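Here the structure is laid out as structure tokens; the discussion comes afterwards.
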Amino acid sequence: MASSSSLFLSSPIAPKATRIPPPLSLPLASPFSNSLRLHPRRSLTTAAALQVEKQDSVKLEPVHSPPPPSLPFRVGHGFDLHRLEPGLPLIIGGIAIPHDRGCEAHSDGDVLLHCVVDAILGALGLPDIGQIFPDSDPKWKGAASSVFVREAVKLMHEAGYELGNLDATLILQRPKLSPHKEAIRSNLCDLLGAHPSVVNLKAKTHEKVDSLGENRSIAAHTVVLLIRKENIP
């Protein structure tokens with residue numbers, strides 16, 4: 001008679017089969033409408049499909065921009081730079097300056113008046129001088145920059161503003177502008193219709209650094225403050 005141990009070894013007992021339950025189908029909580037519920041056959045991990053359905057079901061209302069504010073003050077900054085080339089006239093602030101080089105430009109290349117115009121247009125929130133007076137337009141070829149200033153002043157008045165004050169800085173190595181500063185400032189006041197006390201002009205060299213310091217270019221910065229007319233005493 002076989003022992004119990006030999007019976008156990010010779011008659012192995014097969015382990016019971018383990019039944020794996022089917023995966024649970026969990027409801028998808030969504031803060032959106034029922035139209036965003038996933039199709040039963042669609043993968044729950046398809047984030048792109050969910051995003052598309054969100055975009056399709058959510059209707060965006062048109063955004064209406066508020067009217068522009070009636071600001072009591074507006075500030076604008078202008079900058080311009082021109083290359084200097086031999087044999088061309090040098091015009092600064094509408095004044096011809098004796099020099100062996102002048103500005104290469106589509107118009108008369110008046111770097112000061114150009115940046116004054118840009119400062120006024122910028123304060124009004126308008127496009128820059130290159131968009132309003134494009135160099136692709138033949139009628140501006142060789143035009144006096146005083147035309148651009150008068151147009152900018154007209155736009156300023158139409159918007160209900162007057163010039164509060166203007167501060168400009170010219171950057172050039174040569175020539176020295178000290179003998180010409182008052183003539184430039186006086187002409188600028190006439191173009192702007194402004195009192196000399198609110199128009200300031202400075203000139204700096206560039207310490208012989210880069211094209212400005214090597215007499216190969218000229219640049220200017222201008223800052224303007226515009227005041228709404230009803231706020232002027």
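The values are calculated or read from the model by the stated rules, or taken from the named source; none is laboratory data. The model shown is predicted, which means the values in this text are computed figures rather than measured ones. Every residue, glycine as well, gets a Cβ built from its backbone with ideal geometry; the counts of neighbours run over all protein chains shown. Just the protein is used for accessible areas: all its heavy atoms, side chains included, with ligands, DNA and RNA removed. Shrake-Rupley method; radii C 1.70, N 1.55, O 1.52, S 1.80 Å.
Computed over the range 70-193, relative contact order equals 26 percent, with contacts defined as Cα pairs under 8 Å that lie 6+ residues apart.
The modelled label-to-label distance for the pair VAL75/ALA183, using points 7 Å beyond Cα in the direction of Cβ, is 3.4 nm.
As an exercise, identify the GluC sites (Glu not before Pro) in the range 150-219 lying in DSSP coil whose Cβ has no more than 16 other Cβ atoms within 10 Å.
Qualifying residues, ordered by number: GLU207, GLU214.
GLU230 to SER211: extension gain in nm, 0.36 nm per residue of separation minus the Cα-Cα distance? It would help to have the intermediate numbers written out before the result.
On the way: separation 19, 0.36 × 19 = 6.84 nm, distance 4.48 nm.
Gain on stretching GLU230 to SER211: 2.4 nm.
The figure for LEU90 is an accessible area of roughly 10 square angstrom, using a 1.4 Å probe on the protein chains alone. Measuring between alpha carbons in the structure, the pairs from LYS202/LYS229; LYS141/LYS181; LYS154/LYS176; LYS154/LYS181; LYS139/LYS176; LYS154/LYS202 lying more than 31 angstrom apart are LYS154/LYS176; LYS139/LYS176.
Would you list ASP190, ASP108 from the most to the least accessible area, probe 1.4 Å?
On the way: ASP190 115, ASP108 35 Å².
The residues order as ASP190, ASP108, largest area first.
Straightening the chain between GLU85 and LYS202 buys 39.8 nm, computed as 0.36 nm per residue apart minus the Cα-Cα spacing.
Between the range 196-233 and the range 64-131, the alpha-carbon centres lie 10 Å apart.
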